[in-house]
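The values are calculated or read from the model by the stated rules, or taken from the named source; none is laboratory data. All values reported here derive from a predicted model rather than from experimental measurement. Cβ sites come from the backbone with ideal geometry, for glycine too, and all protein chains shown count toward neighbours.
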Amino acid sequence: MFGITMAESGGEFVAPGPNSFDFSEVPLFHIGGLAVTKPMVQLLLGAVIVFVFFYAAARRATLVPSRIQFAGESAYGMVRNSIGRDIIGSHDFIKFVPYLVTVFFFILINNAFATIPFIQFPTFSRASMAYALAALSWIIYNAVGIKKHGFLGYLKLQSVPSGVSPAMYPLLVPLEFFSNILVRPVTLALRLFANMFAGHLLLILFSTGGLFLLEYGGIGYVAGPLAWVLAIAISFLELLVQFLQAYVFTLLNAMYISGALADEH
Amino acid sequence: MQNLIFLADGEPAEGGHAPENPLGFVPVEAALSLVVFGLLLFLIWKFVAPRFEQTFAERTQAIEGGIAAAESKQAEADARLAELEKQLADARHEAARIREEAREQGAAIVAEMRETAQAESARIVEHGKAQIEAERQQAVTSLRAEVGTLATGLAGRIVGESLEDEARQSRVVERFLAEIEADSATTNSSGSVN
């Protein structure tokens, strides 16, 4: 529809860009003076879905699981065992499991919104939402480390590499501090955001571009459907990326916590 | 909804407001993200994780309990088996002992029997010998008497002299026998002279 209007009105293809991710002009509704946009609703919807699923699975947990309980236990157990226990270690991992499970499934469902029909927008292509999660992760792993080693002890743990001659310290200490304390949350947020943003941009480009080509006629009758085939292929690739980004985000969280708890760098 | 999506994609470009920096920080969204995530985390922490962990623990315990029960059963069975084997060994030992005893007893009985039999046979032999001796003696006696009678009878007939009388007869026989003895002695001496 949009492609048609563009083609009819200007005859020029307007490539999708950052504006395709800006919903501030088209809020769904207002609460007080606050404009509630689609990604905000998605964020809430994602949380509701995750909680409803897990609550339904855990509500009447029995020794011999029901079908929904088995599904919930498998999902919970995957993050608990393969991320939590394997990375953090069996001594401390249990108290971080709820956090890791929440991070993984919250991000996973919000990423999956990019593919779910009629929603089709990855929530975390809104950078600010990814920033928030990365900031929380930064607070958590630093707090965990400071609680265990004390402030200076933790700074030393994260900044001073062991097994390196002190002569190298002037070079390595700032570098380690920079990479372990300052850069981590930024990369964490940007990785998630950029993957979702780029994937969605690509999908819009191929979908609207295909439509425009069909409207254009001539070679477009061949190129347009081809673009749509590619769009479908990219959608499948995006499914993988959605899962992978949720997994990587959670895995890195676990590794940061594990590093903060470690006795030696 | 569908309309919204396409509007959302198209509207800003048509509306023509200043393009947003996609990396820009939108406080409302960040705050909402934190709040929603925090709520979800709280709910998972409070209502989901403990129940799953409890179930896992119960399941582990059930499995371990089952294993423990199986182990105790196994130990019991092992003990019974050992006991039975011990009983069997005892019985075998007892049987061997009884057999040995019986063999010894048998051997003793055989030895005793043999001894008795030997004694018996010796006794029989002894008895036989004594009887034979007695009979021989008797035979010698009766033979001597008979020979005497015959010889006297014969001699009486030849010499015509009755030797019926007991005393005479006995005297004659004695004399006769003495003569024979003397004769055989002279023959022996003459023989040696000749």
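Each residue in the stretch A:80-96 was checked for being without any contact (Cβ under 8 Å) to a residue 60 or more places away in the chain and either under 18 Å from the mean Cα position of the chain (by Cα) or crowded, with 23+ Cβ neighbours inside 10 Å (or both), and 1 pass. Just checking, how many residues over the stretch A:62-76 are outside any loop (DSSP other than H, G, I, E, B) and either more than 7 Å from every other protein chain (Cβ to nearest Cβ) or over 14 Å from B:PHE56 (Cβ atoms) (or both)? Looking only at that region, the number is 8.
Entry remark, the stretch A:170-200: residues being closer than 30 Å to A:ALA15 by Cβ and touching a residue at least 24 places away in the same chain (Cβ under 8 Å) number 12 in total.
Scoring B:PHE42 on the criteria (1) at the interface with another protein chain (Cβ under 7 Å from one of its Cβ atoms); (2) surrounded by fewer than 14 Cβ atoms within 10 Å (Cβ to Cβ); (3) at pLDDT 95 or above leaves a single failure, condition (1). Scoring A:GLY77 on the criteria (1) surrounded by fewer than 18 Cβ atoms within 10 Å (Cβ to Cβ); (2) modelled with pLDDT under 90 leaves a single failure, condition (2). Of all residue pairs spaced 6 or more apart or on separate chains, those with beta-carbon atoms under 6 Å, a first member in the stretch A:110-121 that is farther than 12 Å from A:GLU238 by Cβ and a second member that is β-branched (Val, Ile, Thr) and buried (at least 19 other Cβ atoms within 10 Å of the Cβ) are A:ASN110/A:THR123.
Of note, A:SER20 does not satisfy the criterion of being outside any strand (DSSP E or B) and loosely packed, with under 15 Cβ neighbours inside 10 Å.
Contact map, the stretch A:35-61: residues that are more than 7 Å from every other protein chain (Cβ to nearest Cβ) and under 17 Å from B:LEU32 (Cα atoms) paired with residues that are among the small types (Gly, Ala, Ser) and surrounded by fewer than 21 Cβ atoms within 10 Å (Cβ to Cβ), Cβ distance under 8 Å, separation 6+ or inter-chain. Pairs shown: A:ALA35/A:SER24; A:THR37/A:SER24. Please verify whether A:PHE29 is more than 7 Å from chain B (Cβ to nearest Cβ), modelled with pLDDT of 85 or more and over 24 Å from the mean Cα position of the chain (by Cα), treating the condition exactly as stated. Spelling it out, A:PHE29 is indeed more than 7 Å from chain B (Cβ to nearest Cβ), modelled with pLDDT of 85 or more and over 24 Å from the mean Cα position of the chain (by Cα). Of the residues in the stretch A:119-126, at least one is more than 10 Å from every other protein chain (Cβ to nearest Cβ) and either under 19 Å from the mean Cα position of the chain (by Cα) or basic (Lys, Arg) (or both). Against the definition (aromatic (Phe, Trp, Tyr), touching a helix residue (DSSP H, G or I) at 6+ places or on another chain (Cβ under 8 Å) and surrounded by fewer than 24 Cβ atoms within 10 Å (Cβ to Cβ)), how does A:TYR99 come out, yes or no? It is true that A:TYR99 is aromatic (Phe, Trp, Tyr), touching a helix residue (DSSP H, G or I) at 6+ places or on another chain (Cβ under 8 Å) and surrounded by fewer than 24 Cβ atoms within 10 Å (Cβ to Cβ).
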